[in-house]
Amino acid sequence: MDPVAAKYIGAGLACLGMAGAGIGLGNLFGQFLSGSLRNPSAAEGQRGTLLLGFALTEALGIFSLLIALLLLFAV
Amino acid sequence: MADPIHQFELKPIFKLGRIGNTELVFTNSALYMLAAVAVIVLLTIFATRRGSLVPGRLQAMAEMSYEFVANTVRSSAGEEGMRFMPLVFSLFMFILILNLFGMVPYGFTVTSHIIITFALAAVVIGTVIVYGLMKHGTHFFGLFVPSGVPAWLLPLMVAIEVISFVSRPISLSVRLFANMLAGHIALKIFAGFVATLLTAGFWSILAPLPLALTVALTALEVLVAVLQAYVFATLTSIYLNDALHPGH
C-alpha cells in the first residue's frame, strides 16, 4: 500500500477511539442529569465531581485524537 | 493551510554556554516559565501585602485560589495532607498560569511539551515514593498488597497494583500534555478552515460557520485549561494520600 494512503487511513481509524469518549461523556452527563432531577438540592455539591469526571473521560478521547494528529502532521 | 504544529516550535533566545557537546540555550519556553513564576509571585506578594479583614479584589482572588486548593487537598488527603499544601498550590498555579498563557493569541504553550509535564509528574511521584518510604519504611509496600483477597489471587493483584502505580506518572503527564496539544491543534485547524473558505469564491459565504466554531472552541479550551490544572492538583493529592496512608 502507498505509505501516504496508509497514514491517512490510520489517522481515520485512530479517530474511532473518540466514539468511546462520546459514549462515556453522554453517560456521565445523562446520569448526572437524572440524578440531579431526582434530588436537585444535592446536585450543586456534586458539580466539582462532575467536572473532574468530564476532564478524566475527555482525556481518553483526546489520546486517540492525539494519535490521529501525530499521524497527520508529525509522521 | 498553515502548519498547525508550527506553534509548538522552541525558539532559542540567547545561548548560555555548553556542557560537553550539548548547548545550553535560553528558549521561549524558559522565558514563558519565568514569566509565569513572576506573575504568581507578584500576584501573591501584592495580594497579601496589606492583609485587610474585608479583602480587596486582588486579595479576594488570592484567598479564593488558596481556599480552592486547600479544600481539594483536605478532601482527598485529609488534614495530614495539608503539609503538602505548598507543593500542590505551586503546581496548580504554575500549570494554570502556563495553560492560560497558551490561550493568548500568538502565545506559546509550555505545557504542550511532554518533557515539561513529565518532569512535573516525576516530582509528584518522587515525593510520594520518598515520603512514603521515609514515613512508613517497608510498610509503604503494603500499598501493593490489597487486603481481603484470596491467597491464590494475590500474585495477580500485586502485579496489577504495581503496574497501576508505575503507569501513574505516565498517565498524569500525558493527560495534561495531550489535552493542551490536541486542543491547540484543533483550534489552528478550524481557524485554517476560515482562511481556506474565504478564498473559495461563492462558498466564502460559509466562512462565518468555522469562525463561530473557533470562538466556541476557544471558550472550551479556556475551560479545559482551568480543568486540567484542577485535575492535576486533585490527582496529586490523591497520590499523596497513598504516601500518607499506604494500607488498603
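Quick note: the coordinates plus some simple rules give every number you see, no bench work behind them. A quick note: this is a predicted structure, and the numbers were derived from the prediction, not measured. Here Cβ is always computed from backbone atoms with ideal geometry, including for glycine, and neighbour counts include all displayed protein chains.
The modelled label-to-label distance between B:Ile170 and B:Val37, using points 7 Å beyond Cα along the C-beta direction, is 3.1 nm. A cut-off under 14 angstrom between Cβ atoms defines the neighbours of B:Ala47, and their net charge, with Lys, Arg +1 and Asp, Glu -1, is +1. Legend: calculated FRET efficiency, A:Ala43 to B:Ala60, from the Cβ-Cβ distance at R0 = 35 Å, rounded to 0.05, equals 0.85.
Specify whether the C-alpha gyration tensor of the protein assembly as shown places it in the rounded, prolate or oblate class, a ≥ b ≥ c being the square roots of the eigenvalues: rounded for a/c under 1.5, otherwise prolate if a/b is larger than b/c and oblate if not. It comes out rounded by the Cα gyration axes. Can you tell me the 0 to 90 degree angle between the C-alpha axis of helix B:85-103 and the longest principal axis of chain B, rounded to 10? Its long axis makes an angle of about 20 degrees.
Each other residue within a Cβ distance under 15 Å of B:Gly102 adds +1 if Lys or Arg and -1 if Asp or Glu, for a net charge of -1.
Membrane-span-like helices in chain A, defined here as complete DSSP H runs extending at least 24 Å along the helix axis by their C-alpha atoms with mean Kyte-Doolittle hydropathy no lower than 0.5, are A:18-38, A:47-69; this is a sequence and geometry rule, not a statement about a membrane. Taking Cα atoms only, the orientation of helix B:154-198 departs from the longest principal axis of chain B by about 10 degrees.
Rounded if a/c is under 1.5, else prolate if a/b is larger than b/c, else oblate: which is segment B:1-143, with a ≥ b ≥ c the root eigenvalues of its Cα gyration tensor? Since a/c reaches 1.5 but b/c is at least a/b, the shape of segment B:1-143 is classed as oblate. Counting only Cβ charges, +1 for Lys and Arg and -1 for Asp and Glu, the dipole size of the protein assembly as shown around its Cα centre is about 440 debye. Enter the angle in degrees (range 0 to 90, nearest 10) between the Cα long axis of helix B:114-136 and the first principal axis of the Cα atoms of chain B, meaning the one along which they spread out most. Taking the Cα atoms of chain B, the angle to B:114-136 is about 10 degrees. Enclosing the Cα atoms of segment B:1-83 in their convex hull gives a volume equal to 236 cubic angstrom per residue. Structural size metrics of chain A, computed from C-alpha coordinates, are Rg and Dmax of 17.4, 59 Å.
Each residue, A:Asp2 and B:Ala212, gets one label point 7 Å from its Cα in the Cβ direction; the gap between the two is 3.7 nm.
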